[in-house]
Amino acid sequence: MQTVLGANGQIAEELTRELHRTFTTDIRLVSRHPRRVNDTDELVPADLMDAAATAAAVEGSEIVYFTAGLPMDSGLWERQFPTMMANTIAACRRHTSKLVFFDNTYMYPRTPVPQTEDTAFEPTGRKATVRAEIATMLLTAMDAGTIDAVICRAPEFYGPGKTKSLTNSLVFDRIRQRRRPLVPVSARTLRTLIWTPDASRAMALIGNTSDAYGQTWHLPVDPNRLSYAGLIGLAGAVMNRKVRYTTVPRWAFTVGSLISPSIKEAAELLPRYGEDNIFEATKFTARFPDFPVTPYSEGIAQLLAGAK
């Protein structure tokens, strides 16, 4: 049995498809209101804030994937993520289940220095602090030998379906709608984006590779990093037209945060867009050299298919 906690998001859905396609049909999906991805999926409604419910949902699982997400609300993150992680670790210990944690890079320094699995945490902001806290909680348990776990870390998403990110919403969604894309802070800094189906496929592979445990892995990305100007140029080639864009400076987000809670929550992330983001995944590519990574040109073509 392989169990996916937080089973309704895009990453979890793609993960469930890959597990079923490649590794097992014995899959349990856990969330408040789980929905089947494959006909054979077992559905278990559970609240990960409830320790007993989490333990019951994990029982009988060989591998557990923690993919739970929360809305961009700092207070909600502070109240719920640490408890959810603590409950998941306790449940996996109780049932001797392996744990695969899908993580992000919010806790990394906001600098152009290349990010590797050894990059020290330097959280700035409330959401970054929470992400550092829950990753450290799991690392401490791993170091103590009380849980067999692995961390799969990904940079900003772009991708199909329900994929959520500033890049999807401000750039590619708007291009598809024939609206001018809005570039946060700088069109010239280099970005590292991960195609969400690649992230899920890689996590399934790591979770089913016994010698990958006890480590942190950066998930695979197209190593040919581009700026937003370059990414929008690729979109224009797909659309066979010139795509003009507007760069939104940080002060505009600051003004917007006064009237929009969602903009206020996003403001914490904006300094990252003013510097090159160099996320290194060479450890993964060295260990799994045959894993096919989706190039930006192909991902963007899929996102914009049918839009002109």
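Only the coordinates and a few stated rules stand behind these numbers; no lab work does. Just so we're clear, the structure is a prediction, and the values are computed from it rather than from any experiment. All Cβ positions, even for glycine, are placed from backbone atoms using ideal geometry, and neighbour counts span all protein chains on display.
Numbers below:
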read-out	value
Environment charge of Asn38, counting only residues whose C-beta is closer than 13 Å and scoring Lys/Arg +1, Asp/Glu -1	-2
Spatially close lysines, pair count over segment 126-273: Cα under 25 Å, gap of eight or more or interchain	5
Which of Gly125, Met49, Ile232, positive extreme of dipole for the chain (C-beta unit charges)	Ile232
Extension gain, Leu70 back to Trp251 (0.36 nm per residue minus Cα-Cα distance, nm)	62.5 nm
Shape call, segment 184-276: gyration tensor on alpha carbons, a/c limit 1.5	oblate
Bridge type composition, the chain - antiparallel percent by DSSP, nearest 5	5 percent
Fraction of antiparallel bridges per DSSP, segment 151-308 only, in percent to nearest 5	20 percent
Pairwise FRET efficiency - Leu43 versus Glu298, Cβ, R0 = 41 Å, nearest 0.05	0.80
Extension gain, Thr282 back to Asn104 (0.36 nm per residue minus Cα-Cα distance, nm)	62.4 nm
Amide H contacts of Arg28 (H built 1.01 Å from N, under 5 Å, at least 5 apart or other chain)	Gln2, Thr3, Val4, Glu42
Stretch gain in nm, segment Arg126-Phe291, where the contour uses 0.36 nm per residue and the Cα spacing is subtracted	55.9 nm
At R0 = 22 Å, FRET efficiency that the Cβ-Cβ distance of Asp26 and Thr146 yields, to 0.05	0.30
Cα centroid separation - segment 208-251 against segment 36-80, whole Å	29 Å
Cut-off under 5 Å, modelled amide H: who pairs with Leu226 long-range	Arg191
Dipole in debye (nearest 20) - the chain, about Cα centre, beta carbon charges: Lys, Arg +1; Asp, Glu -1	1620 debye
5 angstrom amide H check on Phe157, placed H, neighbours 5+ away	Ile194
